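Working notes, structure below.
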Amino acid sequence: MTAARPPAPPEPPPADEPARARATWSGRFAEPVSERVARFQASVGFDRRLAEADIDGSLAHARMLAAAGIISHDDFAAIERGMGVIRADVRAGRFAWSIADEDVHLNIEKRLTALVGDAGKRLHTGRSRNDQVATDLRLWLRGEIDAMAIRLRALRSAFVDLAERHAATIMPGFTHMQVAQPVTFGHHLLAYEAMFARDSERLAGCRGRVNRMPLGSAALAGTSYPIDRDAVARELGFDAPCRNSLDAVSDRDFAIEFAACASLVMVHLSRFAEELVVWSSQRYGFVALSDGFCTGSSIMPQKKNPDVPELVRGKSGRVFGHLVALLTLMKAQPLAYNKDNQEDKEPLFDTVDTLADCLEIVADLVAHGLAPVPDRMRAAAREGYATATDLADYLVRKGLPFRDAHEVVARAVREAETRGVDLADLPLADLARHSPLVAADVFDVLTLEGSVASRDHPGGTAPRRVREAAAAARAAIARESEAR
Ligand code: ARG
């Protein structure tokens, strides 16, 4: 129903050689690192996920090297051929990852050299793993952001569809969890659409800052080769090269910003999930969740638990944790690259996976798993003197100052409460005893329909405004889809 996500990468086959084998950078070392250290510092177990971005980045870099005469065109052709083989092997899950080669970059480079010889050894000219990894991560994240934007729009569409169908369904609106004023269910749902629309906006802004290219920064200071950064950036679809080489290899603010955007989406999903948990409880009964989204209890046969919303609510904590992990990772790093940054990947990957899962499952639930129970919502709206404000406004329209009207209505509510009825159930004579301004037309505003219909301005809960807002949201979603 939403963007296809690539399947999780397969587990690495067992290391094909001991981790103590000669490392690519081992020339200046008298002794190989211990097996323990090799394992401790290897990231290939997780950064394999960047393989395709790594290949794309390398090809663009190599093409530029050839165009600038830094390597030969034959070397580039060999690199391109070798990378084709590697890409196919990675996709088929048959690439033999080895922790002896530390990370995704060295694994691929070593295999390339095995495939095409010296050309493979020339690929790393004018480049460092420091600008390489930052480039890979940005390329990968950009793709994930684009997929996430599609999921967000699908979720928003599901909210809009349901809101439109319930533009006139009355429910109590709450403040402090107390019944406050009647609203429509459609209006309530569109509040979430508005939150997710801001999330879409935020994500688009984040994408712009992710989409800058570190390549060319090399280890930290740039390179003495006559490189063409603009050409590489253009080929990789980056908006521009990063402006400062030290910053480019060092900062991970783009990842942190994504985690912050994701955290806000999770806040919004979690708030909605909480409402579903409350609404689907026996006490409320505002909605029924279809069986496919619930589970039973192993001991209480009557139970049907709202597991999906509860898990969404719970998973928000894990995404906030990743945000804090990334912030903490960055905060005390001196310029420029430090190995700390290798720790940026797992939190970022899990943020993407968790957010994607939650967006898809909530969209599915809103579209197919939610049966509103309008009678229960309506009954709850009637129980809480939800139209008291409407009575006050009625008196104000008849000339009473608002504070006095507030007082009159408070007394009327007290009477209704004592008699155990709603304001609308009090006879006209009894209502009129609280203020001589009350006439028969008071019942127009005391009804739930009259109350919601009177909030008839942009952003208000009147059914015709809700329909208008739903149409506007739908148009905005369509415009955003076309813009990409
Ligand atoms: N695996 C490393 C990372 O994720 C790649 C960069 C390593 N650079 C270095 N100078 N050791 O950050």
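The values are calculated or read from the model by the stated rules, or taken from the named source; none is laboratory data. Everything numeric here is computed off the predicted structure, so don't read it as measured data. We place every Cβ from the backbone using ideal geometry, glycine too, and count neighbours over all the protein chains shown.
The table below gives the values:
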quantity: Residue count, the stretch 319-342 (criterion: in a helix (DSSP H, G or I) and over 16 Å from GLU257 (Cα atoms)); calculated: 3
quantity: Restricting the stretch 369-384 to residues that are touching a helix residue (DSSP H, G or I) at 6+ places or on another chain (Cβ under 8 Å) and at pLDDT 95 or above, the residue that is surrounded by the fewest Cβ atoms within 10 Å (Cβ to Cβ); calculated: PRO374
quantity: Residue check, LYS121 surrounded by fewer than 21 Cβ atoms within 10 Å (Cβ to Cβ), within 16 Å of the ligand (Cβ to nearest atom) and not polar (S, T, N, Q); calculated: no
quantity: Filter result for the condition that a residue is closer than 18 Å to ALA440 by Cα, crowded, with 22+ Cβ neighbours inside 10 Å and within 46 Å of the chain's Cα centre (by Cα), over ASP390, ASP422; calculated: ASP390
quantity: Test: residue in the stretch 229-239 that is in contact with a Gly (Cβ under 6 Å, 6 or more places away or on another chain), of a type in the set (Lys, Arg) and away from the ligand (no atom under 16 Å from the Cβ); calculated: yes
quantity: Count of the stretch 79-118 residues which are within 16 Å of the ligand (Cβ to nearest atom), of a type in the set (A, V, I, L, M, F, W, C) and not in a loop (DSSP other than H, G, I, E, B); calculated: 5
quantity: Selected residue (criterion: farthest from the ligand (Cβ to nearest atom)) from residues of the stretch 124-134 that are out of contact with any Gly (no Cβ under 9 Å at 6 or more places or on another chain) and assigned to a loop (DSSP other than H, G, I, E, B); calculated: THR125
quantity: Enumeration of residues in the stretch 301-355 that are among the hydroxyl-bearing types (Ser, Thr, Tyr) and more than 13 Å from the ligand (Cβ to nearest atom); calculated: SER316, THR328, THR351, THR354
quantity: Long-range neighbours under 6 Å by Cβ, at least six apart or interchain, first residue over 16 Å from ARG207 (Cβ atoms) and among the aromatic types (Phe, Trp, Tyr) within the stretch 127-146, second within 9 Å of the ligand (Cβ to nearest atom) and outside any helix (DSSP H, G or I); calculated: none
quantity: Pairs with Cβ under 7 Å, 6+ apart, first in the stretch 196-223 and free of Cβ contacts under 8 Å to residues at least 24 places away in the same chain, second within 15 Å of the ligand (Cβ to nearest atom); calculated: GLY222/SER245
quantity: Residues satisfying the stated conditions in the stretch 135-146, i.e. of a type in the set (Asp, Glu) and within 12 Å of the ligand (Cβ to nearest atom); calculated: ASP136
quantity: Residue in the stretch 297-309 that is hydroxyl-bearing (Ser, Thr, Tyr) and touching a strand residue (DSSP E or B) at 6+ places or on another chain (Cβ under 7 Å) present; calculated: yes
quantity: Filter pass, GLY222 being within 16 Å of the ligand (Cβ to nearest atom), under 23 Å from SER250 (Cα atoms) and modelled with pLDDT of 95 or more; calculated: yes
quantity: Those helices (runs of 4 or more DSSP H) lying entirely in the stretch 213-314 with at least 2 residues touching a Lys or Arg at 6+ places or on another chain (Cβ under 6 Å); calculated: 253-279
quantity: Conditions (1) touching a residue at least 60 places away in the same chain (Cβ under 8 Å); (2) part of a loop (DSSP other than H, G, I, E, B); (3) crowded, with 20+ Cβ neighbours inside 10 Å; (4) more than 16 Å from the ligand (Cβ to nearest atom): number failed by ILE71; calculated: (1)
quantity: Residue in the stretch 252-264 that is at pLDDT 95 or above, buried (at least 20 other Cβ atoms within 10 Å of the Cβ), among the charged types (D, E, K, R) and touching a Ser or Thr at 6+ places or on another chain (Cβ under 9 Å) present; calculated: no
quantity: Long-range neighbours under 8 Å by Cβ, at least six apart or interchain, first residue outside any helix (DSSP H, G or I) within the stretch 38-60, second near the ligand (Cβ under 10 Å from one of its atoms); calculated: ALA42/GLU102; ALA42/ASP103; SER43/GLU102; SER43/ASP103; SER43/VAL104; SER43/GLN342; SER43/LYS345
quantity: Any hit, the stretch 140-160, residues being touching an Asp or Glu at 6+ places or on another chain (Cβ under 7 Å), modelled with pLDDT of 95 or more and more than 27 Å from ALA259 (Cβ to Cβ); calculated: yes
quantity: Residue that is nearest to MET171 (Cα to Cα), among those in the stretch 288-304 that are surrounded by 11 or more Cβ atoms within 10 Å (Cβ to Cβ) and more than 25 Å from the chain's Cα centre (by Cα); calculated: ALA288
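Okay, residues lined up against (1) assigned to a helix (DSSP H, G or I); (2) touching a residue at least 40 places away in the same chain (Cβ under 8 Å):
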position	(1), (2)
ALA412	yes, no
VAL421	no, no
ALA429	yes, no
ALA439	no, no
GLY450	yes, yes
ASP456	no, no
